[in-house]
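Contents: one structure, followed by commentary.
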Number of protein chains: 2
Amino acid sequence: MKFSGRITDMQQSPIRKLVPIAEAAKKRGKKVYHLNIGQPDVKTPEVFFDALKDFDKEVLAYSFSQGSPELLESFSSYYKSYGIDFDPSDILVTNGGSEALLFAMIAICDNGDEVLVPEPFYTNYNGFGNVAGINVVPITTEAEKGFALPPKEEIEKIINPKTKGILLSNPGNPTGAVYSKEQLNIVRDLAKENDLYIIADEVYREYIFDDFPYMSFAQFDDISDRVIIIDSISKRYSACGARIGSIASKNKDLIAQVLKLCQGRLCVPTIEQLGAAALAKVPKEYFEKTKEEYKQRRDIVYEALQEMPGVVCELPHGAFYIMAKLPVKNAEKFVVWMLEEFDIDGETVMFAPAEGFYATPGLGVDEIRMAYVLNQESLKKAMNILKLGLEAYPDKK
Amino acid sequence: MKFSGRITDMQQSPIRKLVPIAEAAKKRGKKVYHLNIGQPDVKTPEVFFDALKDFDKEVLAYSFSQGSPELLESFSSYYKSYGIDFDPSDILVTNGGSEALLFAMIAICDNGDEVLVPEPFYTNYNGFGNVAGINVVPITTEAEKGFALPPKEEIEKIINPKTKGILLSNPGNPTGAVYSKEQLNIVRDLAKENDLYIIADEVYREYIFDDFPYMSFAQFDDISDRVIIIDSISKRYSACGARIGSIASKNKDLIAQVLKLCQGRLCVPTIEQLGAAALAKVPKEYFEKTKEEYKQRRDIVYEALQEMPGVVCELPHGAFYIMAKLPVKNAEKFVVWMLEEFDIDGETVMFAPAEGFYATPGLGVDEIRMAYVLNQESLKKAMNILKLGLEAYPDKK
């Protein structure tokens with residue numbers, strides 16, 4: 001039996017495909033520090049769980065396709081706290097940021113259309129592209145330049161009549177890069193001059209360090225009809241398992257079109273929406289505290305990497321990821337080797353090989369993405385294991 | 001700003017698009033009996049809610065992309081109770097039956113490929129087709145023949161190299177029809193002779209009346225590599241708001257391919273899976289009781305319809321829907337009129353106009369789908385309102 005080309009062409013998630021190897025290592029008694037996936041250890045606010053207990057209906061009925069009124073109101077007030085003016089009617093609740101991304105792509109692209117994405121990028125962008133028959137065209141950026149966008153003229157060269165939008169995450173996954181105002185202006189101008197949408201994945205909005213100036217694409221009033229904001233409670237509130245995200249835009253027609261997709265899948269889970277709506281009660285201090293914790297973790301990881309011979313990485317200013325070039329021939333092989341053959345006192349560490357974050361063949365082969373989502377003591381141990389692992393690894397450059 | 005052709009071409013859900021008109025009627029103080037949507041009033045088993053209370057983790061983390069081991073085990077044992085042999089590894093948990101359908105289509109079809117579907121069909125099949133760039137090609141069936149499939153030769157005529165599968169719901173939504181063994185054999189033979197997949201949407205498996213013989217496509221051993229079973233807890237356990245479904249197949253390669261799609265959206269909500277896994281504890285008597293209740297409701301609706309002059313409908317043997325041809329020129333206009341201009345003592349009733357369930361233009365214009373999901377007293381009142389509404393309606397045939 002044959003399968004479709006689009007599904008056989010899909011790569012396995014580089015974040016998840018090595019999980020069976022890690023599971024096998026654990027079965028053999030090894031402890032694995034998981035820096036391979038953005039699953040934070042931060043506590044989910046208790047108001048989420050408390051709200052679930054309030055559910056007192058006898059029938060677990062469908063919710064509204066656009067999301068429950070309470071959750072839409074909650075998202076709207078969250079945005080207002082950032083000076084972003086989204087009414088509840090400008091927002092649709094989705095099954096995580098994932099569905100929001102897929103719906104945004106489908107709304108603006110037909111089969112064979114193109115979306116530009118700064119590379120390296122969140123690997124599932126490619127997967128959604130496959131599903132939707134959209135070509136994800138990379139705008140290559142470099143670790144040595146802090147993953148900044150290339151000059152406008154460079155990007156213009158790859159725009160053609162099939163290009164419908166620019167998709168970017170800010171702060172960036174997997175880079176941790178935060179775009180400057182000047183960089184965002186380039187994207188704004190490109191969108192205006194070439195009639196493009198901007199799909200802005202801003203799920204890491206809370207995690208920007210070093211007083212680095214930040215601006216949301218929702219704050220560019222002159223292009224509000226071109227901007228689609230993708231959001232999620234996953235990272236913000238350490239609630240990845242809730243799978244609650246959103247798509248927001250001042251373009252009313254766009255929201256009306258995407259609502260049809262929402263109706264097609266009926267609704268997002270009723271109970272998870274109840275918990276998510278309660279998160280509006282979480283005080284700003286929660287974010288401050290979490291941000292400070294992530295900053296300290298970033299410093300631990302970054303400083304440790306600076307001490308490792310042959311490792312190249314720039315200081316990232318946002319999210320909770322760090323990309324590093326390792327002195328190995330093939331980072332995926334190294335990650336597997338760390339799981340299968342290396343340990344310090346029965347402990348090892350797991351990363352995401354970065355090749356899957358690139359669309360251009362050959363790029364990222366010697367890079368890894370680290371998610372600093374563990375406590376500081378664990379991170380210190382993990383960095384020590386990485387250092388000793390690199391020293392012991394036979395297949396170096 | 002332009003949108004993609006595939007999204008602008010999408011019709012609004014015929015089940016949901018009239019909701020604002022119903023809401024407006026309610027705001028004016030009218031009571032509306034909702035027979036327009038398959039949202040049962042049956043109580044969700046308490047074990048679902050009890051299981052949620054057992055969640056004792058501090059972090060709401062991602063679940064496995066394929067679904068939690070407990071839920072996969074629970075689904076496997078559910079199938080075994082029907083004599084269907086699906087291991088946990090043959091099953092993937094999805095965001096409702098909706099996502100299972102979309103994933104199945106994507107796995108077997110590239111853009112422009114075709115899937116045959118007996119018409120009238122669950123309207124969202126069309127929506128998923130739009131999203132995935134797949135042509136849903138109707139096999140027209142008729143109310144007067146109990147929506148039975150046409151002869152094999154008729155169906156063969158519309159099969160071409162782009163045809164990749166046959167999708168059908170059994171028992172049928174919106175028809176309530178249950179396919180006989182002979183009918184299923186036709187589909188089996190067509191699949192074998194033309195190298196097609198069978199996507200079998202069996203979410204109403206529990207609701208088959210009158211001792212009508214039933215067989216799941218999963219019980220055809222000679223085509224097990226061609227069969228993809230779509231399932232959902234929504235109707236079975238009156239848990240529509242949980243959005244927990246599944247895709248199951250003995251074709252291991254297919255499951256491996258679809259797992260990549262599952263990885264792309266990371267996972268299904270963690271907490272809803274917890275509740276769903278507990279449903280394995282629900283005794284068979286729950287289904288027996290619910291089935292008997294639906295049967296009585298069907299009888300009330302069917303008998304009432306028989307008494308209405310000019311109404312045509314056949315006795316359906318499954319699910320909880322009934323299709324009826326009304327003596328009106330346009331059923332959608334009639335549904336709107338019932339909401340906006342008609343009431344009996346401040347009460348009216350709402351149906352789904354059936355035109356949206358057909359792909360062939362012009363069909364179903366004078367038909368409605370009724371979901372008998374309300375208690376018997378309410379149904380009797382609703383049928384009386386329909387009868388009087390039809391008498392009073394000015395735009396009759």
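Looking at region B:46-281, the DSSP beta bridges with both ends there are about 35 percent antiparallel. The Rg/Rh ratio for region A:263-368 is 1.11, where Rg is the radius of gyration of the alpha carbons and Rh is the Kirkwood radius.
Under Stokes-Einstein, with the Kirkwood radius over Cα pairs as Rh, the value for region A:46-281 at 20 °C and 1.002 mPa s is 118 µm²/s. The label point for B:LYS252 and the one for A:ASP56, both projected 7 Å from the Cα toward the Cβ, are 5.2 nm apart. Result for chain B in a Gaussian network model with C-alpha springs under 10 Å: among B:TYR294, B:TYR82, B:TYR214, the largest mean-square fluctuation is at B:TYR82.
The calculated FRET efficiency for the pair A:ASP41 and A:LEU388, based on their C-beta separation and a Förster distance of 22 Å, comes to about 0.40. In region A:128-268, the inverse of the mean reciprocal separation of distinct Cα atoms equals 16.4 Å; this is its Kirkwood hydrodynamic radius. Counted residue by residue at 0.36 nm each, then reduced by the alpha carbon distance between them, the extension gain from B:LYS26 to B:THR140 reaches 37.4 nm. Rounded to the nearest 20 debye, the dipole size of region A:275-360 about its Cα centre is 520 debye, using +1 on the Cβ of Lys and Arg and -1 on the Cβ of Asp and Glu. For chain A, a Gaussian network of Cα nodes joined below 10 Å ranks A:GLY96, A:GLY264, A:GLY172 by mean-square fluctuation, and the top entry is A:GLY264. Placing R0 at 60 angstrom, the Cβ-Cβ distance between A:LYS181 and B:ASP189 gives a FRET efficiency of 0.40 after rounding to 0.05. Mean projected area of the convex hull spanned by the Cα atoms of region B:176-247, taken over all viewing directions: 5.3 nm². Applying Stokes-Einstein at 25 °C and 0.890 mPa s to the Kirkwood radius of region B:27-147, computed over alpha-carbon pairs, gives a translational diffusion coefficient of 132 µm² s⁻¹. Cα centroids of region B:1-76 and region B:118-146: how far apart, whole angstrom? Region B:1-76 and region B:118-146 have Cα centres separated by 22 Å.
In order along region A:50-67, the phi-based Karplus estimate (6.51 cos²θ - 1.76 cosθ + 1.60, θ = phi - 60°) of 3J(HN,Hα) comes to 4, 4, 4, 5, 6, 5, 10, 8, 8, 10, 7, 8, 4, 9, 6, 4, 7, x Hz; Gly and Pro are listed as x.
For chain B, averaging the sequence separation of C-alpha pairs within contact (under 8 Å, six or more residues apart) and dividing by the residue count gives a relative contact order of 25 percent. Spatially, region A:219-296 and region A:163-192 are offset by 19 Å when compared through their Cα centroids.
Shown here is the pair-distance distribution of chain A: with all Cα-Cα distances grouped in 20 Å bins from zero up to the longest one, the shares run 27, 58, 15, 0 percent. If you model the protein assembly as shown as an ellipsoid using its alpha carbon gyration tensor, with each semi-axis the square root of five times an eigenvalue, the axes come out at 47, 28, 26 Å, biggest first.
Every Cα-Cα pair of region A:32-88 was included, and the share exceeding 14 Å stands at 74 percent. Taking GluC sites (Glu not before Pro) as exposed when DSSP calls them loop and at most 12 other C-beta atoms lie within 10 angstrom, chain B has its longest site-free stretch at B:59-306.
Every read-out reported here was derived from the displayed coordinates using simple, explicitly stated rules and does not represent laboratory data. The model shown is predicted, which means the values in this text are computed figures rather than measured ones. Note: ideal-geometry Cβ built from the backbone for every residue, glycine included; neighbour counts use all protein chains shown.
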